[in-house]
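Q: Supplied in structure tokens, the structure appears directly below.
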């Protein structure tokens, strides 16, 4: 049975516009899925919206087969150090919280984490962090509970990146007899966000090519950029699985996104 991996649903925006990105797939498609992994950006305002968004997904497939971890938007109007609350909401809805988790389906393991970035992809970390703090909404709409609810800083997300990368490399180093698929929100190779606003590319991706080359997972699926792309690096298929904002997504585009995100296990 297949596993579907999708990122950047922004489901609240779709439903507000009277559209549903899931409606184009028939009942047999959903019944055939062994699992759905949501690779970040389910919606904004998670304390209010995550539960109804998960309930909507539950109208298509049982939530005990749904796994979700946050992207940057899932922390908007929330706190970066508030993942316990997100986990509680997910579990109360009947789904699984997948941050820094290994999901095994059949003979395939899925290694899931947000990842964030190290701001090094452009070669000047300090400049990239300054650009991000000035221009990215992440550093306006997300706060840090443990620091008197101040707005987060690039240093905060860079520290989370280090933690997630360490977890991911540890998981990749653990022997596994079957296939390995890495699922992150942020991108693992430079160049996949070149169409984004100049100067902000390092906020979308890090250069983890050395990790890919050393461990050679079967696939690395990510979102965040909303830019369709697939490339091959050794035996590793690297692909963006974003759905994206409804204003940009026509029906034919949606079909390709669902096809790209299907993993046979």
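The values are calculated or read from the model by the stated rules, or taken from the named source; none is laboratory data. Please read these numbers as outputs of a predicted model, since none were measured by experiment. Here the Cβ is made from the backbone with ideal geometry for all residues, glycine too, and neighbour counts use every protein chain on show.
Q: Among the residues of segment 227-240, is there at least one that is in contact with a helix residue (DSSP H, G or I) (Cβ under 7 Å, 6 or more places away or on another chain), in contact (Cβ under 8 Å) with a residue 12 or more places away in the chain, crowded, with 16+ Cβ neighbours inside 10 Å and assigned to a loop (DSSP other than H, G, I, E, B)?
A: The answer is no, given that none of the residues of segment 227-240 is in contact with a helix residue (DSSP H, G or I) (Cβ under 7 Å, 6 or more places away or on another chain), in contact (Cβ under 8 Å) with a residue 12 or more places away in the chain, crowded, with 16+ Cβ neighbours inside 10 Å and assigned to a loop (DSSP other than H, G, I, E, B).
Q: Mind checking which residues of segment 9-40 are assigned to a helix (DSSP H, G or I), more than 21 Å from the chain's Cα centre (by Cα) and farther than 30 Å from residue 81 by Cα?
A: We begin by selecting, within segment 9-40, every residue assigned to a helix (DSSP H, G or I); these are 11-16, 27-32.
Going one step further and asking which of them are more than 21 Å from the chain's Cα centre (by Cα), we end up with 16, 27-29, 31-32.
Once the filter is applied, which keeps residues that are assigned to a helix (DSSP H, G or I), more than 21 Å from the chain's Cα centre (by Cα) and farther than 30 Å from residue 81 by Cα, segment 9-40 yields 27, 28, 29, 31, 32.
Q: Can you confirm whether residue 119 is outside any helix (DSSP H, G or I) and at pLDDT 95 or above?
A: Yes, satisfied.
Q: Out of the residues in segment 241-265 that are surrounded by fewer than 12 Cβ atoms within 10 Å (Cβ to Cβ) and part of a helix (DSSP H, G or I), which is modelled with the highest pLDDT? Can you show your working first?
A: Initially, segment 241-265 is screened for residues surrounded by fewer than 12 Cβ atoms within 10 Å (Cβ to Cβ), giving 247-248, 250-252, 256, 259, 264.
After this cut, where a residue has to be part of a helix (DSSP H, G or I) as well, the list is 247-248, 251-252, 256, 259.
On the way: 247: 82, 248: 71, 251: 71, 252: 69, 256: 84, 259: 89.
Checking each candidate, the answer is 259.
Q: Just one of (1) without any contact (Cβ under 8 Å) to a residue 40 or more places away in the chain; (2) surrounded by fewer than 23 Cβ atoms within 10 Å (Cβ to Cβ); (3) under 21 Å from residue 165 (Cα atoms) trips up residue 74, so point out which.
A: With respect to (1) without any contact (Cβ under 8 Å) to a residue 40 or more places away in the chain; (2) surrounded by fewer than 23 Cβ atoms within 10 Å (Cβ to Cβ); (3) under 21 Å from residue 165 (Cα atoms), residue 74 is out only on (2).
Q: Taking the residues in segment 46-65 that are part of a loop (DSSP other than H, G, I, E, B) and in contact with a helix residue (DSSP H, G or I) (Cβ under 8 Å, 6 or more places away or on another chain) as candidates, determine which candidate is surrounded by the fewest Cβ atoms within 10 Å (Cβ to Cβ).
A: It comes out as 60.
Q: List the number of the failed condition for residue 43; all other conditions in (1) in a helix (DSSP H, G or I); (2) buried (at least 20 other Cβ atoms within 10 Å of the Cβ) hold.
A: The number of the failed condition is (1).
Q: Here's another thing I want to ask about it. In segment 9-28, which residue that is surrounded by 14 or more Cβ atoms within 10 Å (Cβ to Cβ) and free of Cβ contacts under 8 Å to residues at least 40 places away in the same chain is nearest to residue 185 (Cα to Cα)?
A: 22
Q: Is there a residue being under 24 Å from residue 124 (Cβ atoms) and without any contact (Cβ under 8 Å) to a residue 24 or more places away in the chain anywhere in segment 180-197?
A: yes
Q: With 176, 110 as the choices, which residue is outside any strand (DSSP E or B) and at negative phi?
A: When all the criteria are applied, what remains is 176.
Q: On to the next question. Among the residues of segment 66-105, write down those that are more than 25 Å from residue 146 (Cα to Cα) and touching a helix residue (DSSP H, G or I) at 6+ places or on another chain (Cβ under 8 Å). Before the answer, list the steps.
A: Filtering segment 66-105 down to residues more than 25 Å from residue 146 (Cα to Cα) leaves 66-67, 93-96, 102-105.
Matches in segment 66-105: 66, 93, 94, 95, 96, 102.
Q: Applying the selection to segment 114-140, what residues are on the phi < 0 side of the Ramachandran plot, buried (at least 17 other Cβ atoms within 10 Å of the Cβ) and in contact with a strand residue (DSSP E or B) (Cβ under 8 Å, 6 or more places away or on another chain)?
A: 114, 117, 121, 139
Q: So which residues in segment 196-214 are part of a helix (DSSP H, G or I), at pLDDT 95 or above and either out of contact with any strand residue (DSSP E or B) (no Cβ under 8 Å at 6 or more places or on another chain) or surrounded by 19 or more Cβ atoms within 10 Å (Cβ to Cβ) (or both), if there are any at all?
A: 210, 211, 212, 214
Q: Kindly establish whether residue 6 is in a strand (DSSP E or B) and at pLDDT 95 or above.
A: Yes.
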